[in-house]
Amino acid sequence: MEGASFGAGRAGGAVDPVDFLKQPQTILRIVAWVFSIVVFGSIVNEGYVNEGNEAELRCVFNKNEDACNYGIAIGIIAFFACIFFFVVDLYFQQISSVKDRKRVVLLDLGFSGLWSFLWFIAFCFLANQWQRTPATRGVNQGADAARAAIAFSFFSILSWVALTVMAMQRYHLGTDMSLFATDQFATDPNTGYPGYTTGSGIESTETYQSPPFTETIDTSPKGYQVPTY
């Protein structure tokens, strides 16, 4: 059925902005969006410090540039991905094709699952490098930013896992055959069979047709005719 599938109503229906913002999926998108800002914003603003008389800024995570670059990259991509899927969710009900809806849900499912895994790597990577970072004056200045990036990397794992679960639920909901219309089948067991098509190509309106031939029974044995005198 073109319409009520994959967690949305019929195509072309009006979307209430208030109800849309109250949906758990929308709330999770916004939460994941905020978490991504905190992660890459903390690293960009205070994640680089200098030591002593050094003019060059070093990554606060054990001077490992890869740790800072990874956290920034994952956060920025998640930031734009949340905006993209937020817009897709807003216009999802306008998609009339069931196949297109399925592609969107699968894209959401795949990306959310992938980013859950990448956030897990980010959390482990940043936490490991922070644990190895020696305490210095410069490091102490960026300590709050480092801890914030690590903490919200962990929170991002939870938010993206929740988005993955919701996308999985939408996918299974869309493949449930109970969503498709069943009123096209006759519900009355006493309903007659439709008539056969006549030679003119017009379907007969009678519910039952007589056979096109009649059977004759000969009462004479072996077909002999009794002579008349």
The lone condition Phe80 fails out of (1) farther than 22 Å from Val34 by Cα; (2) open to solvent by 60 Å² or more (accessible area, probe 1.4 Å) is (1)
Looking only at the range 43-67, count how many residues are more than 15 Å from Trp119 (Cβ to Cβ), hydrophobic (A, V, I, L, M, F, W, C) and surrounded by 18 or more Cβ atoms within 10 Å (Cβ to Cβ).
-> 4
Sole exception among (1) at pLDDT 90 or above; (2) assigned to a helix (DSSP H, G or I) for Lys99, by number = (1)
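Leu57: more than 23 Å from Thr26 (Cα to Cα) and touching a strand residue (DSSP E or B) at 6+ places or on another chain (Cβ under 6 Å), yes or no? Before you say what the answer is, go through the steps one by one.
Values: more than 23 Å from Thr26 (Cα to Cα): yes; touching a strand residue (DSSP E or B) at 6+ places or on another chain (Cβ under 6 Å): yes.
Here the answer is yes, as Leu57 does meet what is asked.
Could you check the range 128-171 and list, in sequence order, the residues that are open to solvent by less than 70 Å² (accessible area, probe 1.4 Å) and without any contact (Cβ under 8 Å) to a residue 24 or more places away in the chain? Reasoning before the result, please.
First pass over the range 128-171, keeping only residues open to solvent by less than 70 Å² (accessible area, probe 1.4 Å): 128-130, 133, 136, 138-139, 142-143, 145-146, 148-153, 156-157, 159-164, 166-167, 170-171.
Listed by number, the residues that qualify are Asn128, Ala151.
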Residue pairs within 6 Å by beta carbon, gap of at least six or interchain, first lying in the range 29-42 and open to solvent by 40 Å² or more (accessible area, probe 1.4 Å), second assigned to a helix (DSSP H, G or I) and of a type in the set (Val, Ile, Thr), listed first then second, are Phe40/Ile72; Phe40/Ile76
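The values are calculated or read from the model by the stated rules, or taken from the named source; none is laboratory data. Please read these numbers as outputs of a predicted model, since none were measured by experiment. Cβ sites come from the backbone with ideal geometry, for glycine too, and all protein chains shown count toward neighbours. Surface areas here come from the heavy atoms of the whole protein model, side chains and all, with no ligands, DNA or RNA. Shrake-Rupley method; radii C 1.70, N 1.55, O 1.52, S 1.80 Å.
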